[in-house]
Amino acid sequence: MSAGPGAGPPPAPGAGAGGRGPGPLLLGVRHHGPGSARAVRAALDAAAPRVVLIEGPPEADALVPLAADKEMRPPVALLAHVTDEPGRSAFWPLAEFSPEWVAIRWALEHGVEARFIDLPAAHTLAPESEGTDPGQDGPVDAPAGAVPPAGDSAPPPDEAAAVRIDPLAVLAETAGYDDPERWWEDVVEHRGPAADDPFAPFAVLEEAMTSLREAYGDGGHKRDPVREAYMRLRIRAAQREFADDVAVVCGAWHVPALRRRATVGADRALLKGLPKAKVQLTWVPWTHRRLSRASGYGAGIDSPGWYGHLFSAPDRPVERWMTKVARLLRDEDRGVSSAHVIEAVRLAGTLAAMRGRPLPGLTETTDAVRAVMCEGSDVPLDLVRDRLVVGEVLGEVPESAPAVPLQRDLAQAQRRLRLKPEPLEREIELDLRKETDAARSTLLHRLRLLGIAWGEPVVSRGSTGTFRETWRLRWEPELSVRVAEAGVWGTTVLAAATARAEADAVGAPALAEVTALAERCLLAELPDALPVVMRVLADRAALDTDVGHLAQALPALVRSLRYGDVRGTDTRALAGVAAGLAERIFVGLPPACAALDGDAAVEMRGHVEAVHGAVGLLAEATEGAAGAGGVRGRWHAVLRVLAARDTVPGVVAGRAVRLLLDEGELAQEEAARLMGLALSPGTEPADGAAWIEGFVGGGSGGGMLLVHDERLLALVDTWLTGVPAEAFTDVLPLLRRTFSAYEPGVRRTLGELVRRGPAPRTNAEATGSGLPGFAPDLDTGRADAVLPLLSLLLGLGDPDGEPGTTDTETDPHTGTVTGTHSGTGDGDAHTGTGTDNDAHTGPGTRADSDSTRADSGSTGADSHRDSDSHSDSEDDLVRMAP
Amino acid sequence: MSVSVEPTSVDTPAGERGESRPGEALRPHAEHAFAAELAALAAQDDRPRPERWLLSPWAVATYLLGGTLPDGTVITPKYVGPRRIVEVAVTTLATDRALLLLGVPGTAKTWVSEHLAAAVSGDSTLLVQGTAGTPEEAIRYGWNYAQLLAHGPSRDALVPSPVMRAMAEGMTARVEELTRVPADVQDSLITILSEKTLPIPELGQEVQAVRGFNLIATANDRDRGVNDLSSALRRRFNTVVLPLPASAEDEVDIVARRVDQIGRSLDLPAVPDGIDEIRRVVTVFRELRDGITSDGRTKLKSPSGTLSTAEAISVVTNGLALAAHFGDGVLRAGDVAAGILGAVVRDPAADRVIWQEYLEAVVRERDGWKDFYRACREVSA
């Protein structure tokens, strides 16, 4: 039953068969198997070895005594990391029911030495080892996976899947089971150790593994021969010291290889020239959740809580389990009686019998709990799974355990970036075009994500360029505590920030927070976190029924999209999500605009404007990408729907028309038609006023539009004249809000136009071919006046050499005022002069313009004064009246 | 003092007619339709059988889930779904607990209960259809008033309910739509399920259930709160929730098979090769129902309808009829689009937005779905 092809003469003693043969006592186990753990304890009690050798990194030998510490509570893990590179790390998790843990505790209780004998972490974590990164997922499942340390970072995962065999799966399949876990449960875990021979289970398992390894060799676990060679050497060393009083606890997969006779020379040769790294080890707390497969660490077991129960329950495991479940459900206010427990135990037993299993396993008990106690529902069952099957057990580690690696990584980054933690507050300017500065910025952003507020971003003085950042730095002692706390997120700042961002994204309650997080991920350069954040974002957006939330989220998202471009990040995922978000808004917006009251309508107008701006940027950002070209087109379609639908409040409809008009999507005539519709006598005056507010109100430069398109102005004028006196008081505040926001100059012009009366209107109609409100032919004299400035702006040099530099700098206002024909674009030019004009000129011009409108305006103002309902905010109009 | 009820004393004209000419029935009972399979299973079943069971629990599970017997007889699967569910259901019946099958409409609750009764007792006709008007007599017993007036109360004047017959004969009784039955009528089941006896106070007698008696109830969990089961009654049931099909392939399989059966029984003209369209319908149903696209990348809002497999079947059947009678004989996107719209948009306001969002965000971008998108746009507009 010992090895097949022996390698050379046999210097090693042993090669014993089942039972306690000569040679070291080899106890093949399944990592995290409670049955194995129990068997190991029984075997150790029976054999009473003088030294216990355990599969694990030998650098941890010094840490073994900590396991006896009162404050040490499993589950814990041995963490090994490369000293200069904390990101390169590996965990060996141990639970209460892990055979290795049982062996350590047994050794400590009996005053026996315990040693780790696996390949040193110095080799497994060495950078060049097999060219792959021995990241966390590698060695984690080494001690924790099924019988063989499946991970070990040997071949890349994809290749591994094809090559490696899972010995348990093979054995289970041979036994006719489809699920290796279940097979193992049936043949090992559910059998108490045989009272007569504590070594029997190990002998049987060894036999099975031996034939497996004869058939499969190393089964694709390429690193195993090296590790096993090292283990053999260590075992030999122990044997020299303690003769055969040596017990070895290792994965059952390795037992045949350790039993094999190999020469010291051959083993040494295998170990020659292994790369080495400087590593450090410590104990870290672990949780049941991270032991379970669902956590993504791939530690290998589905049900740590159930295994813990099997390990600790003295007898009647199923009855005890059902009672536990019943208690949990009762605590959550579910009526579960003893009768339920009885029926559940019966059902589980009958199910096991029907499925031909010796004892009800987790599957049977779960099925029974679901059918009897949970009324078929999976909701309480999830609670059972969460609290009991996985269990919320958090390990503890004594304070004397060495420091966490995150601290080291941070210190290293600080040295590298010459960014000293100082208690004094200081400000630094970062130029993101420089590599070091960019790295500093990234580090500070990451720390902020982790809640380590070392740096606070402040508004840059001087330059406002996007490549410049200003930070205020201040290191306070408590930040060290924060760093230690943040250690749970990962071993490096990058990994920790990524994990934290992902967790934050999943936990964020509002859509806008997720968008903000996406922006921060870009700033902190966390490309790995971005997919998760994007996913959450897309999910939230999909499920959020409030178009307002979506509309709020879109602008930030589009901003980050553009910002990502600046930094050269891959933002395709972002663009996809943004496009999806826009799509949802397009679909949801028209129904959401129905039946809104005044305030909600004004809010909705804000959303429409925000989306409009974002869509413009989005269309630019995704230009060229297939399918995205139509974003703008579809948005226009939505705006058209908004403009035409009756149920849409006036302020939103007016805004939609205006946006379409500005984009050139709507002809002036059409806009005028829609305005005429909205202002026709049939509509409520308040609605009409709202429409006007939407169309020309706010900071949209609508005043200039009215100035230049006199047809529109005439429509407003006619409507206003037609408003009945009693309704006028109601629409007055809205109108006032609309028109008072205009620049004084614009107001005056409007007033003059109105005073001129209907003449311009006929004029405009007569012109026909040209823009309404303009003469049919170009006034070349006035047009020429703008040329010098235009050529200066375009950098064409002086066309005539005529205007001096001083001229052109003082000229622009006159130039624009006289020369611009574009109607809306020059609102900005006016602000240059207009901002300084304040209330002193304001009332005057208004009074001016109002007196011209005597027919409509002043009568209205009079009636308003009589009613005396608005006294404070409408004082402007009051003042202008007399 | 227990009394047995003679099965022959009950006049079941419908059953007799059905038995005399099973081929004529629009829908034969399970025990007739699959008589050959049941016989083959019974012949080869060597495992222990609970008293009065025609098959062992293992064989009942095989009957429902399908398989091949040692002699090569192929058992067709009656239920496509997790093995676990069928095992728990059968085991429940074997432990003399009553079985409650829960599920949204169209998850084959009645189908499973019928086949379970057929396989366990060889008779699926001991059925009480639960309605808002189900009287207590339907669950306990009624009286033949002519007899009662002529001869006074006696066993001859008693009209036993299906449940009473099942108790007396050790058979499986079925109660459909238990939650639609008024609460006071539901409660009459409590004694039957806990004491396993049905007193007849008028005669000073009782009917005691003999071994083999059990009861399968079905309830629709979308109707929760209509006539919710009292906790006393609930405690007497083991509950099994029948899920919607787990994988798209399963569901396509179910839909295709049922559409084929229904199409044949309704003599619809044969329409070739609709499997792609069926797959599309199933994909749409699943995605909207689960609230996530099949590639797991995009979440979606779920409409208010159940979008069960049964509805998918009717959409496809409908589409087939359209294609055969009015179309070009091939099942096309346009033939199913209207049906899908009707199934999805149950609430005209909210569901329509959800449907449009789905169309724009998912369907439009999908390769090879252009025709479907256009068809849906046409009917949605």
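Descriptive notes on the structure:
- Placing a pseudo-label 7 Å from each Cα along the Cα-to-Cβ vector at B:Ser294 and A:Glu669 gives an inter-label distance of 5.0 nm.
- Electrostatic tally near A:Ala690: other residues with Cβ closer than 14 Å to its Cβ, Lys and Arg +1, Asp and Glu -1, net -3.
- 10 Å binning of all Cα-Cα separations within region A:334-480, expressed as whole percents from 0 upward: 9, 24, 14, 8, 13, 15, 12, 2, 0
- With Cα atoms defining each centre, region B:273-344 and region B:160-226 are spaced 39 Å apart in the structure.
- Here the Debye sum runs over all C-alpha atoms of region B:298-381 as equal scatterers in vacuum, and log10 of I(q)/I(0) at q = 0.19, 0.24 Å⁻¹ comes out as -0.87, -1.26.
- Size descriptors for region A:230-377, from the alpha-carbon set: Rg then Dmax equal 23.5, 68 Å.
- Counting all C-alpha pairs of region B:78-130, share separated by more than 14 Å (%): 57 percent
- Residue-averaged beta-carbon neighbours from other chains (10 angstrom radius) around B:85-98: 5
- Peptides ranked, highest mean first, by Cβ atoms within 10 Å: ranges A:649-662, B:70-83, B:27-40: A:649-662, B:27-40, B:70-83
- Computed E for A:Thr323/B:Glu137 - FRET, C-beta separation, R0 30 angstrom, nearest 0.05: 0.10
- Pairwise label distance in nanometres, A:Val459 with A:Leu794, each label 7 Å out on the Cα-Cβ vector: 3.7 nm
- The residues neighbouring A:Thr323, those whose beta-carbon lies less than 12 Å from its own, together hold a net charge of +4 under the Lys/Arg +1, Asp/Glu -1 convention.
- Computed from the Cβ-Cβ distance with R0 of 45 Å, the FRET efficiency linking A:Lys276 to A:Glu476 stands at 0.70.
- Förster-model FRET efficiency, 45 Å R0, A:Leu417 and A:Glu214, C-beta, rounded to 0.05: 0.20
- Count Lys and Arg as plus one, Asp and Glu as minus one, and take only other residues whose Cβ is under 14 Å from that of A:Glu583; the net charge is then +3.
- Cα radius of gyration and Dmax for region A:302-386 (Å): 11.9, 35
- Here the Kirkwood formula puts the hydrodynamic radius of region A:481-562 at 13.1 Å, using every distinct Cα pair.
- Divide the volume of the convex hull around the Cα atoms of region A:672-747 by the residue count and you get 79 Å³ per residue.
- Taking 17 Å as the cut-off, the amide N atoms of region A:584-602 that come nearer than this to a point 7 Å along the Cα-to-beta-carbon line of B:Glu365 belong to A:584-588.
- Descending Cα extents along the principal axes, region B:196-237, whole Å: 40, 25, 15
- In region B:102-238, the convex hull through the Cα atoms has an average projected area of 8.4 nm², a quarter of its surface area.
- Across the alpha-carbon set of region B:233-381, the Rg to Rh ratio works out to 1.00, Rh being the Kirkwood radius.
- Percent of Cα-Cα distances greater than 33 Å, calculated over chain B: 41 percent
- Sorting B:359-372, A:241-254 by average packing, meaning the other beta carbons within 10 Å per residue, from highest down gives A:241-254, B:359-372.
- B:Ser380 versus A:Ser680: modelled label distance in nm, points set 7 Å from Cα along the beta carbon direction: 3.1 nm
Values quoted throughout were computed directly from the atomic coordinates according to the rules given, and no laboratory measurement underlies them. Nothing here was measured: the structure is a model prediction, and the numbers come from that model. Every residue, glycine among them, receives a Cβ derived from its backbone with ideal geometry; neighbour counts consider all protein chains shown.
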